[in-house]
Amino acid sequence: MTTGKKTAIGITLALLLALAIRVAMIHHDRNASAPAAPAATGTVDPDELVFLKQQRPSSLADVKQLIGTTVWVSAAGQLDFYPCAGHRADYAHSAGTLLGAEPLAIKDAFEQVAPKSATFRIRGGDKQVLLAFTMPKSSDPAKLYAVPVGFKEGGDYTFANDEIFFYDDPHQLFRHWGPKIWQAVDAHQVILGMNERQVNLSLGQVSKSLSKDYGNRTVVFDNLGKPMVVTFVGDHVTDFHPGSTAF
């Protein structure tokens, strides 16, 4: 190799080394002057991380897929249920109101013309769609009942299943609530420290409040005709007492 070539190679290597040093210095200066990324300080509500299944039914056949399964009541205190026999509900005699987290063993699904008195929560349409079920935790676990979950009108179906039910046991979905909270929910009571979601499931979703600041307000829960006034601060119950507000 000639002296000229050696000199050219040496100059090239020196330039590359200088460039590498310069790039490293720029990188260092930029990192040193850049403000540190702020540390995450917020906490995520574990309730918001719970995955709730959706059925999204669009036909009677879709609803019949629930036969043989167990669902749990999410729409607490909203829907009346009725004695059932021979694919018909006895609309004239309400058996009660579905309570939060109550398990229902689904036995049948059918359509029936509903009287106006039974269309307060679920529209009547041409026919209502009802689920027939037993209540494993009741005193008569073999007795059959029915509850409307949707309606048919002009050949089209509309369902509220996904708003009415949990398709998995909420005691497992929300097991982070702990046994003390779940004992209160299952007894349909309120205790200090519960959040608004828990009280909704325990006392029912029929309620009134003068504020829209969820978790920081006073709410009057109908509680099946026995109003309960509950105050939340920081989404925790800080006070509760029986009320007299009519619904």
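Kindly check whether there is at least one residue in the stretch 125-147 that is of a type in the set (Ser, Thr, Tyr), surrounded by 18 or more Cβ atoms within 10 Å (Cβ to Cβ), at pLDDT 95 or above and out of contact with any helix residue (DSSP H, G or I) (no Cβ under 6 Å at 6 or more places or on another chain). First the steps, then the outcome.
To start, the set of residues in the stretch 125-147 that are of a type in the set (Ser, Thr, Tyr) comprises 134, 138-139, 145.
Those left that are additionally surrounded by 18 or more Cβ atoms within 10 Å (Cβ to Cβ): 134, 145.
When the remaining residues are screened for being at pLDDT 95 or above, the result is 134, 145.
Next, from what is left, pick out any that are out of contact with any helix residue (DSSP H, G or I) (no Cβ under 6 Å at 6 or more places or on another chain): 134, 145.
Among the residues of the stretch 125-147, at least one is of a type in the set (Ser, Thr, Tyr), surrounded by 18 or more Cβ atoms within 10 Å (Cβ to Cβ), at pLDDT 95 or above and out of contact with any helix residue (DSSP H, G or I) (no Cβ under 6 Å at 6 or more places or on another chain), which makes the answer yes.
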Checking Thr238 against (1) surrounded by fewer than 19 Cβ atoms within 10 Å (Cβ to Cβ); (2) in contact (Cβ under 8 Å) with a residue 40 or more places away in the chain; (3) out of contact with any strand residue (DSSP E or B) (no Cβ under 6 Å at 6 or more places or on another chain), which test does it fail? (3)
Meets criteria (assigned by TED's automatic domain parsing to the domain that holds Gly77 and farther than 20 Å from Thr97 by Cα) for Gly125: yes
Among the numbered criteria (1) touching a strand residue (DSSP E or B) at 6+ places or on another chain (Cβ under 6 Å); (2) in the same structural domain as Phe133 (by TED's automatic domain parsing), which one does Val229 miss? (2)
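If a residue must be among the hydrophobic types (A, V, I, L, M, F, W, C), touching a Leu at 6+ places or on another chain (Cβ under 7 Å) and outside any loop (DSSP other than H, G, I, E, B), how many such residues does the stretch 78-130 contain? Even if it seems obvious, please write down each step before you answer.
So in the stretch 78-130, the residues among the hydrophobic types (A, V, I, L, M, F, W, C) come out as 79, 81, 84-85, 89, 92, 95, 98-99, 101, 104-106, 109-110, 113-114, 118, 120, 122, 129-130.
Going one step further and asking which of them are touching a Leu at 6+ places or on another chain (Cβ under 7 Å), we end up with 79, 81, 84-85, 89, 98, 101, 106, 109-110, 129.
Going one step further and asking which of them are outside any loop (DSSP other than H, G, I, E, B), we end up with 81, 84-85, 89, 106, 109-110, 129.
Number of matching residues: 8.
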Cβ-Cβ distance below 6 Å, separation of 6 or more or different chains: which pairs start in the stretch 200-216 with a residue that is more than 17 Å from Ala184 (Cβ to Cβ) and basic (Lys, Arg) and end on one that is modelled with pLDDT of 95 or more and assigned to a strand (DSSP E or B)? Lys208/Val220
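The values are calculated or read from the model by the stated rules, or taken from the named source; none is laboratory data. Keep in mind the model is a prediction, meaning the values are calculated, not measured. Here the Cβ is made from the backbone with ideal geometry for all residues, glycine too, and neighbour counts use every protein chain on show.
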